[in-house]
Amino acid sequence: MNNSRAFRGLSLAGLVTLGLVAVTPALAESQFTTGNTANLQASARLDFQINIPRFISFQVGSAGVVVDEVVFDVAAANVGSGTAVGPTSGSPVAVTLKGNGGAINLTADTTGTSLTSGSDIIPFTQINSTTASGTITAPTLVQNGVSAAVAVPVSSGRVTDRSATWSYTYANTAIVGAGTYDGQVRYTATMP
């Protein structure tokens with residue numbers, strides 16, 4: 001009976017040893033060299049891997065959660081004259097766009113919104129945007145919808161790192177009721 005217990009103990013010890021070998025991580029490559037030469041050498045290789053996530057970063061106006069505002073003050077004598085009115089504040093607007101997944105498209109969305117003062121409306125088509133400087137073209141604003149996509153050129157390979165300033169004018173082609181007209185455009189950068 002004593003021999004049987006000793007044999008069982010060795011069996012369990014062997015299983016535990018096999019279990020430890022199975023969970024032991026693989027070791028790095030190594031080389032052992034011996035000899036009496038002057039230039040004794042050993043080498044080993046090491047693999048590296050860097051995982052970079054795909055990202056897109058888009059900013060229109062000030063950094064943070066503030067939504068900037070472009071303000072136009074039209075002189076009473078010029079209302080509806082057809083002479084474009086420049087902004088009194090908020091323009092030009094700084095724009096930055098960064099991404100690492102290839103081509104990026106920009107759109108401007110005015111769906112469900114207008115420039116309104118009570119029940120009076122100024123269509124977003126009265127706001128003209130231009131690229132004052134830089135390499136990001138501002139999408140043309142449409143009334144109650146999404147603009148045609150504007151392609152932003154990549155900087156190099158699949159990386160985009162662009163900036164621009166956008167300037168705005170109010171076309172002022174129609175006489176509208178007195179008031180303060182407010183509305184919001186949502187610009188969207190899409191990396192397909």
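Read the figures in this text as sums done on the coordinates, not as results from a lab. For clarity, every value in this text was computed on a predicted model and none was experimentally measured. Don't worry about glycine lacking a Cβ; one is built from the backbone with ideal geometry, like all the others, and counts go over all protein chains shown.
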With THR88 itself left out, Lys, Arg at +1 and Asp, Glu at -1 over residues whose Cβ is under 12 Å from its Cβ give -2
So for the pair THR96, THR173, with labels modelled 7 Å out along Cα→Cβ, what separation do we get in nm?
3.6
Express the relative contact order of the stretch 113-192 as a whole percentage, based on alpha carbon pairs under 8 Å and six or more residues apart in sequence.
39
Under 5 Å, built H, 5+ apart or other chain: amide partners of LEU141
SER129
In whole Å, what are the Cα extents of the stretch 56-190 along the three principal axes, biggest one first?
52, 27, 27
Spelling it out for TYR187: with amide H atoms placed in the peptide plane at 1.01 Å from N, the residues 5 or more places away or on another chain with amide H under 5 Å from its amide H are ASP109
Under the Karplus curve 6.51 cos²θ - 1.76 cosθ + 1.60, θ = phi - 60°, whole-Hz ³J(HN,Hα) for the stretch 46-61, x wherever Gly or Pro sits
9, 8, 10, 9, 10, 9, 10, x, 6, 8, 9, 10, 9, 9, 10, x
In nm, give the distance between the simple-model label positions of PHE32 and THR111, each being 7 Å from the Cα along the Cα-to-Cβ direction.
6.9
Residue by residue, what Karplus-based ³J(HN,Hα) values in Hz, rounded to whole numbers, does the stretch 133-147 have, using 6.51, -1.76 and 1.60 with θ = phi - 60° and x for Gly and Pro?
7, x, 10, 10, 7, 6, x, 6, 6, 10, 8, 6, x, 9, 5
Taking H as built 1.01 Å from N, whose amide H comes closer than 5 Å to the amide H of LEU115, not counting residues under 5 places away?
ILE122, PHE124
When the Karplus curve 6.51 cos²θ - 1.76 cosθ + 1.60 is applied with θ = phi - 60°, which whole-Hz ³J(HN,Hα) does each residue of the stretch 67-83 get, with x for Gly and Pro?
9, 5, 10, 9, 10, 10, 10, 9, 5, 3, 5, 9, 4, x, 6, x, 8
Note on the chain: contact order normalised by length, alpha-carbon pairs under 8 Å, 6 or more apart, percent, works out to 24
Computed E for ALA103/VAL71 - FRET, C-beta separation, R0 35 angstrom, nearest 0.05
0.55
Provide the packing ranking of 131-138, 173-180, 103-110, i.e. peptides ordered by the mean count of other C-beta atoms within 10 Å per residue, highest first.
103-110, 131-138, 173-180
